[in-house]
Every structure is written in structure tokens, then in C-alpha cells.
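Comments concern the structure below.
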Amino acid sequence: MGQPYNPSAPVQAAARPPLPQNFKCSSCGGPMKPSAGLALVVCEYCGAVTAMGASGAAEIIQKHFMLENKLANDAINEIAGKWLNKGIFRRKVAERSELGNVVLRYVPYWVVPTSVVADFQGTKNSGVGGAGMMVHGDGKQKAAGAALFALSLAAAATNQNRNAQVSQPQVVRVRDRIQFQRNIPVVAVRGYAQYQPEEGFQFQLQNKSNFDKRQTGGVDVQSGDVSEAEAKSQAAALGQKLAEHEAKKRVDNLESIQAYPTTYDGELLHAPVWFMEYAHKGKQMFVLIDGGSGQVMNGERPAFALW
């Protein structure tokens, strides 16, 4: 049985594998000297990935795939620019920002099939009336929602001054269940928190192929230090957050939610990821783009930029 969802509970990290020893690649026989703490070691000769175990080298990971990079620098700048300028409260963010480093890497991700069942309850307002409006979402959405809320209140006040009647919302109690399945990607490199896709992002796995280092075009291929066991734990936590996000779409006030995630054996995917740094009014930010699909995976942008 799963445990009740606690959004403030930290993800339980699996113990790091012990210090590996020198060994030869089981695929091509090339020498491998991994750094301490690595759980996934990419052979610099053939690109095969070896999972590290307690006795040094374990075995070659068979379910190892890749996506092809389809984007060049010009396309990356255009995609990032459109994303930075998206929204009625952002005006020429890209044009008024200073571009920093732009780097392409093949980053390892554990793609973990995850099934989630969640029971939740809350209240929902029906009818007309600004007093019952609730604002949900992340910080950026809340900022935009707050501005629209303020405009709604101003309009309501104007109508009241004109002796217009404003009906009060009716509170309806909601109890419902959410069920979904996702292939949740978990970045397999510690310290690469910015490379973790936003909740709900999924790679286009229908375009994957068996990993072949020759197809990377000489781009840096990263090893990893996150085991599959830890990736499953993180995928379960991300599945719980997805359930909470979906529940907040169905109610105005989420009172409680219990999520029960189940994870299954995944696969290792090396994805081409563009990491773009930029500065806006002196503040350092970033944009993360999937080189296979051209989708923005994660990033930072101003909530308001009207001048």
C-alpha cells in the first residue's frame, strides 16, 4: 500500500555505489577508469554504458537508447526567444536579455514507467462572483493570475458602484479519483538539477534508436551517478506531484490528496539537451531545450517584463 502524499517530504535517495575499480569495457574491451561515485559509466571508445555494482563492474545496460539532435544554434535561439516572450506580461524579454553560454550535451535519463492512483477531496466554487476566485499553479502562473484577479475585483467594484447585482458563488464539495500512466524522465547526473524536465514533460520515445556513439557527432556524452533504484524513487515523487497538479485543476481548494504511485523497470536514454544561459536585468537565468523535439524542457523567465 502506498503512503499518504506529503508534498513537503524529501525524496529518499538511494545510497551511492562504492568506489569502482579499473576494468575493461565488456562490449569493446577498452580500458575504463571511472571516477568515484559513478553508477553509470560510458565507454569513451564504443559508448556502451556499464552499471557499477559492489564488486566493481556489473554488466552492460542492454536497454540503452538515444535520440537524434535535430537542432542547430540558430534554431535554439529562435525557440528560446519565443518561449521567453510568451505571455501578455512579458514584452521583448529575449531582445532585452544578454545571451551567455549555449552548450549541447548528451545527458543520461532514466525513463521510468509510472502508474499513479490518487484520491482527493476539496471544494469548488460555482456561479458568478469575484470573492470566490482561487489562484493555483506555480509562481509564474500565480503572478499572472493575481493580476487578472485584481482586474476582476476592479470590474466588480465598478459594477457595484453602478448598483449592479453580483451573485455569490455556491461552494460544492468534490471527492474524486485520478488515474494515469507516464514515462517519467529522471536525470541520471547529480548536480544537474536544472536538467530535470518540468513536471509533465516526456521525451518522444517513438523516435528513439539503440545507442550508437557514432551518431552523436562528437558531442559530449555524459556518464551518470544516479542508480535505477534512486530514479524509481524520484519518479514516484514526481508522479505524486503530477497527481496534485491535476487535482488542482478540478477544484478551487484542494483539502487533501492520497497518491499511490507504482514504478516499473525503466530504460536508459541519452538525450541531446541544449542548455542556454542568459541574463535579464542582471539576473542569471537558463533555458533547457530537447534537441530531438525542439520543446522547452525547463527554464526560468521573468514573471513581469513590461518595460
Can you tell me how the stretch 63-124 classifies by the Cα gyration tensor, rounded, prolate or oblate, using a/c under 1.5 as the rounded cut?
oblate
Among the aspartates and glutamates, which fall within straight-line cross-link reach of K82, defined as a Cα-Cα distance under 14 Å, with same-chain neighbours fewer than 8 residues apart omitted?
D74, E95, E300
Using only the Cα atoms of the stretch 210-307, what are the Rg and Dmax in Å?
18.4, 52
Would you mind checking the pairs K70/K208; K92/K248; K24/K232; K86/K281; K248/K283; K24/K208 and listing those with alpha carbons more than 20 angstrom apart?
K92/K248; K24/K232; K248/K283; K24/K208
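Read the figures in this text as sums done on the coordinates, not as results from a lab. For clarity, every value in this text was computed on a predicted model and none was experimentally measured.
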